Amino acid sequence: MAGVKEKIESNLKLIKSMVEGFERDIDIAKKIDVSYASYKSYKAKDLALKAIYEEIKNKRNEEVEGKLFKLCTGYDYTEEMAFKCKEEEITEGGKILVKESVRVVKVKKRKDPDLNAQKYWLNNKKKAIWKDDPHKVELGKKTLKIKQQQVEEGIL
């Protein structure tokens, strides 16, 4: 395994960039010339390699969380829109020339808050208050207890 260790440790920067680029582990192993099984085994044990995957996972989660928050609160953005314009021009001979052109204009728009995103956020961040049915687990436990008693008593 010494050869695998050396290959992986000497290619940590490459591995990090490949993981950031959504490369699969099997492709990373091929690129650094180690077997997929050896790479997986080393990845499970090595703290430096685990740290790379964890750092990238956390970075992606933070990015998604930020975008989800923007969906929850709404945001302004600029969009480029193309408009077809017609211009009429009267020539010296009295003829009307129509010129068409396309103009690209930046338009400021607003994305209103998304109710489903808000619900998802609150269901995950404030579970005790915002879950769909806050008493569901408690009621389920009570129902299970009643059914167990009924089974023990021979009612069911």
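The values are calculated or read from the model by the stated rules, or taken from the named source; none is laboratory data. Note that this is a predicted model, so its numbers are computed, not measured. Every residue, glycine as well, gets a Cβ built from its backbone with ideal geometry; the counts of neighbours run over all protein chains shown. Just so you know, the surface numbers come from the protein's heavy atoms only, side chains and all, with ligands and any DNA or RNA stripped out. Shrake-Rupley method; radii C 1.70, N 1.55, O 1.52, S 1.80 Å.
Find, among the GluC sites (Glu not before Pro) in the range 55-111, those assigned to loop by DSSP (not H, G, I, E, B) with at most 15 other beta-carbon atoms within 10 angstrom.
Passing sites in the range 55-111 are Glu92.
What length, rounded to one decimal in nm, is gained on full extension from Glu79 through to Ile32, with 0.36 nm per residue of separation minus their alpha-carbon distance?
12.7 nm
Can you tell me the 0 to 90 degree angle between the C-alpha axis of helix 115-125 and the longest principal axis of the chain, rounded to 10?
Tilt relative to the chain: about 30 degrees.
Under 8 Å for C-alpha pairs, at least 6 residues apart: give me the relative contact order for the chain, rounded to a whole percent.
Worked out over the chain, it gives 16 percent.
Using the Karplus equation 6.51 cos²θ - 1.76 cosθ + 1.60 (θ = phi - 60°), what ³J(HN,Hα) coupling, rounded to whole Hz, does each residue of the range 57-69 give in order, writing x for Gly and Pro?
For the range 57-69, the Karplus-derived couplings read 4, 5, 4, 5, 4, 5, 5, 5, 4, x, 5, 5, 4 Hz, x marking Gly and Pro.
Can you pull the accessible area of Ile90 for me, 1.4 Å probe, Å² to the nearest 10?
130 Å²
Among Val19, Val98, Val34, which one moves the most in a GNM of the chain with springs linking Cα atoms closer than 10 Å?
Among Val19, Val98, Val34, the largest mean-square fluctuation in the Gaussian network model of the chain belongs to Val98.
Can you give the Rg and Dmax of the range 104-156 based on its C-alpha atoms, in angstrom?
When restricted to Cα atoms, the range 104-156 yields Rg and Dmax of 22.4, 78 Å.
Using the Cα centre of the chain as the reference point, and only Cβ charges (+1 on K/R, -1 on D/E), how large is the resulting charge dipole? Debye, rounded to the nearest 20.
500 debye
With a/c under 1.5 counting as rounded, go ahead and sort the range 66-148 into rounded, prolate or oblate using the C-alpha gyration tensor (a ≥ b ≥ c being the square roots of the eigenvalues; past the cut-off, prolate if a/b is larger than b/c, else oblate).
prolate
How many angstrom separate the Cα center of the range 2-30 from the Cα center of the range 39-59?
Cα centres, the range 2-30 to the range 39-59: 10 Å.
List the chymotrypsin sites (Phe, Trp or Tyr not before Pro) in the range 1-101 that DSSP assigns to loop (not H, G, I, E or B) and whose Cβ has at most 10 other Cβ atoms within 10 Å. Which are they?
Phe22
Between Ala29, Ala82, Ala128, where does the largest GNM mean-square fluctuation fall for the chain, given springs only between Cα atoms within less than 10 Å?
Ala82
Does the range 7-156 classify as rounded, prolate or oblate by the C-alpha gyration tensor (a ≥ b ≥ c root eigenvalues; a/c under 1.5 gives rounded; else a/b over b/c gives prolate, otherwise oblate)?
It comes out oblate by the Cα gyration axes.
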